[in-house]
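Read through the structure below, which is laid out as structure tokens, and then see the notes.
The values are calculated or read from the model by the stated rules, or taken from the named source; none is laboratory data. All figures in this text were calculated on a predicted structure; none of them were measured in a lab. Here the Cβ positions follow ideal geometry from the backbone for every residue, glycine too, while neighbour counts run over all protein chains shown.
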Amino acid sequence: MESHQTEELLEYLCHGILTLQTPEECKHFLEDLCTPSELAEMSRRLHAAKMLQSNRIYADIAAETGLSTATISRVNRCLKYGNEGYITVLDRLDRKARRG
């Protein structure tokens, strides 16, 4: 598949995700789209990003999430040098939690 077509399909997926209105709708869509192991991996990576922002050490993160230190390192690189996707989501979740 060409890179341009892949990019268009990713954009279509992103627009599809943005149509979801509740956590339940999102969960149902993700369960249809992804395998259980893919969902578990993505969930663990987001949790690892949250732990990294809280200055937790790799060994603690690996023990709690089951992720390899290589994956944790990749998440950390994304936090520091990526597209700020993790940061955007974590900041918004934190603000939502503080509002109650």
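Quick look at the values:
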item	result
Qualifying residues in segment 55-67 (those that are more than 16 Å from the chain's Cα centre (by Cα) and of a type outside the set (D, E, K, R)) - the one surrounded by the fewest Cβ atoms within 10 Å (Cβ to Cβ)	Asn55
Single match in His4, His15 (criterion: at pLDDT below 95 and exposed (fewer than 14 other Cβ atoms within 10 Å of the Cβ))	His4
Selection count, segment 71-100, where residues are more than 16 Å from the chain's Cα centre (by Cα) and surrounded by 10 or more Cβ atoms within 10 Å (Cβ to Cβ)	0
